[in-house]
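Below you'll find the structure, written out as C-alpha cells, and then a few comments.
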Amino acid sequence: MDAIAMWHPAWSTTFPHRVAPKPGESLVSLLLRCNQENHWESGTTRTLLARTLFAHEAHARMKLEDLLVPSQQVVVLLAGWLGLPIGTIVAATYLRELRRFFGSATSVAGDLCYWSVFHLCPLCIQEQRVLLRCHFLFGMSSCLHHQVSLVACCACGALLKPFHATTEPFTCSVCRKDWGTLLPVPAAPVELEKEQQILACYEWWLRHGDVASMKETLLWLRDLEGASKGNHRASRLSCLSMRLARWRVLTGSSYVGSLNALVSALDEWDLLSRFSSEKNEEDVFKWKANRAEDPSSL
Ligand SMILES: [Zn+2]
Ligand SMILES: [Zn+2]
C-alpha cells in the first residue's frame, strides 16, 4: 500500500505504511511485515499493541501464543491501525474457526498448539516474507508447500526469536542472518505424508466438527482402548503423542488442549486419513459405527 501522507485524515490513527495479510499468513508474520514496511525493529508493533492494551500493567508482555490465538482486543486494535476490516485480521488467526467449533467467543492457544515452538520455512520467507498460520499447529514440523523441515535454529546455533528489540524483522537476533537465507532441509516423504494428514484432520474438524462430536469421538476411542485391553494403544504410540507426553513432563502441566488431544488420539489409532476435505460428516462417522462393532479389525 502507498504511504499515508500527513494531510490524510487517517494519518494520526494508522501507521505510515500499512500491510494486509497474505493468504494463509499468521498474525506473527503480519506484525513482522508491518515492522519491515515501516523500517522499524522487529518487536515494535508487538510492543505498541502490548503498551496500548496493558498500559496499567508494568511488566505486561505479549507472548507468541497470545498472537497465535489472540484476544478480540488485539484484533480490533490492529484492524484500526492497519485500516482493515476486523474479519481480515481474524483470517490471519484460527479465531473464526475456533469460535464456530467451541461455540464461544474466547479461545486459548492450547486448543491448537500445546506449546509454541517458533519455527519457520526459509523458502516461504525467501519468496514471500511470510510465516504461515498452519505451521504453528501442534504436530506440524514441515512446510508442505516447499517440502522442507521448519527451522527453529539459526546457522550460528541461536534459537530463532520472532521479535527482538534491536533486530531487523526476519533476521537472527544474534548473527543478523536473514531467515530467508537459512539452508532449507528436505523433509522425509513419510513425514510429509503424515503431516498432510494431520493438517487435513485439523481442517476437517475446524470446518465440520464441534465440541459434542469431539467429546463423543474421544470417548469412543477410550472405549476402543478398553476393548483392545491396551495392547493396540501401546503399539500405536505416535510421534505426536510422544511429543505431547514430553511436553507434559517438561512443563508439569496436565492441561489438555482439546483439538490437539483429539488429533493426537486419532493419530495413535491410525485414523487421521479418515478426515479430509472431500469427506462430509456422514462419510466420516460411518466408519465409526462399523469399527465399534468390530474393534479388533483396527
Ligand atoms: Zn515454505
Ligand atoms: Zn544467527
task: Take segment 49-76 and flag every residue that is within 15 Å of Thr14 (Cβ to Cβ) and either surrounded by fewer than 18 Cβ atoms within 10 Å (Cβ to Cβ) or acidic (Asp, Glu) (or both).
output: Thr52, Val76
- prompt: Somewhere in segment 110-133, is a residue within 16 Å of ligand 1 (Cβ to nearest atom), at pLDDT 95 or above and touching a Pro at 6+ places or on another chain (Cβ under 7 Å)?
  reply: yes
query: Does Gly139 meet the test of being under 17 Å from Leu68 (Cα atoms) and either outside the structural domain of Leu266 (by TED's automatic domain parsing) or among the charged types (D, E, K, R) (or both)?
result: yes
query: Can you find a residue in segment 27-40 that is touching a Cys at 6+ places or on another chain (Cβ under 6 Å), under 19 Å from Gly80 (Cα atoms) and among the hydroxyl-bearing types (Ser, Thr, Tyr)?
result: no
Filtered residue count, segment 142-172, keeping only those that are within 16 Å of ligand 2 (Cβ to nearest atom) and part of a loop (DSSP other than H, G, I, E, B): 17
- request: Run Phe136 past the list (1) farther than 26 Å from Arg100 by Cβ; (2) within 21 Å of the chain's Cα centre (by Cα); (3) within 16 Å of ligand 1 (Cβ to nearest atom) and report the number of the one that doesn't hold.
  value: (1)
query: Of (1) out of contact with any Asp or Glu (no Cβ under 8 Å at 6 or more places or on another chain); (2) over 21 Å from Cys34 (Cβ atoms); (3) in contact (Cβ under 8 Å) with a residue 40 or more places away in the chain, Ala152 satisfies all except one. Which?
result: (3)
task: Would you mind finding the one in Val108, Val117, Val76 that is farther than 25 Å from Gly180 by Cβ and within 13 Å of the chain's Cα centre (by Cα)?
output: Val108
message: Cβ contacts < 7 Å: first residue free of Cβ contacts under 8 Å to residues at least 12 places away in the same chain, restricted to segment 95-113; second residue among the hydroxyl-bearing types (Ser, Thr, Tyr) and buried (at least 19 other Cβ atoms within 10 Å of the Cβ), any location; separation 6+ or different chain. Result?
response: Arg99/Ser107
message: Can you tell me how many residues within segment 159-175 are touching a Ser or Thr at 6+ places or on another chain (Cβ under 7 Å) and loosely packed, with under 15 Cβ neighbours inside 10 Å?
response: 0
query: Can you spot a residue in segment 84-107 that is of a type in the set (Phe, Trp, Tyr), closer than 29 Å to Thr52 by Cα and within 16 Å of ligand 1 (Cβ to nearest atom)?
result: no
message: Looking at Leu182 and the list (1) more than 10 Å from ligand 2 (Cβ to nearest atom); (2) over 24 Å from Met62 (Cβ atoms); (3) not charged (D, E, K, R), which single condition is not satisfied?
response: (1)
field: Failed criterion for His164 (all others in (1) closer than 23 Å to Cys34 by Cβ; (2) within 16 Å of ligand 1 (Cβ to nearest atom) hold)
entry: (2)
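Answer with yes or no whether Glu191 is within 17 Å of Asp270 (Cβ to Cβ), modelled with pLDDT under 95, surrounded by 13 or more Cβ atoms within 10 Å (Cβ to Cβ) and in contact with a Ser or Thr (Cβ under 8 Å, 6 or more places away or on another chain).
On the way: within 17 Å of Asp270 (Cβ to Cβ): yes; modelled with pLDDT under 95: yes; surrounded by 13 or more Cβ atoms within 10 Å (Cβ to Cβ): yes; in contact with a Ser or Thr (Cβ under 8 Å, 6 or more places away or on another chain): yes.
The answer is yes for Glu191.
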- prompt: Tally time: how many residues in segment 19-55 are touching a strand residue (DSSP E or B) at 6+ places or on another chain (Cβ under 8 Å) and polar (S, T, N, Q)?
  reply: 3
task: Evaluate segment 122-131: report whether one residue or more is surrounded by 13 or more Cβ atoms within 10 Å (Cβ to Cβ) and within 13 Å of ligand 2 (Cβ to nearest atom).
output: yes
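Please go through segment 78-121 and give me each residue that is aromatic (Phe, Trp, Tyr) and either farther than 23 Å from Ser264 by Cβ or not in a helix (DSSP H, G or I) (or both), ordered by number.
Within segment 78-121, the first condition is being aromatic (Phe, Trp, Tyr), and the residues that meet it are 81, 94, 101-102, 114-115, 118.
The answer is Trp81, Tyr94, Tyr114, Trp115, Phe118.
The values are calculated or read from the model by the stated rules, or taken from the named source; none is laboratory data. Just so it is clear, the structure is predicted and the values come from calculations on it, not from any experiment. As a convention, Cβ positions derive from the backbone with ideal geometry for all residues, glycine included, and neighbour counts pool all protein chains shown.
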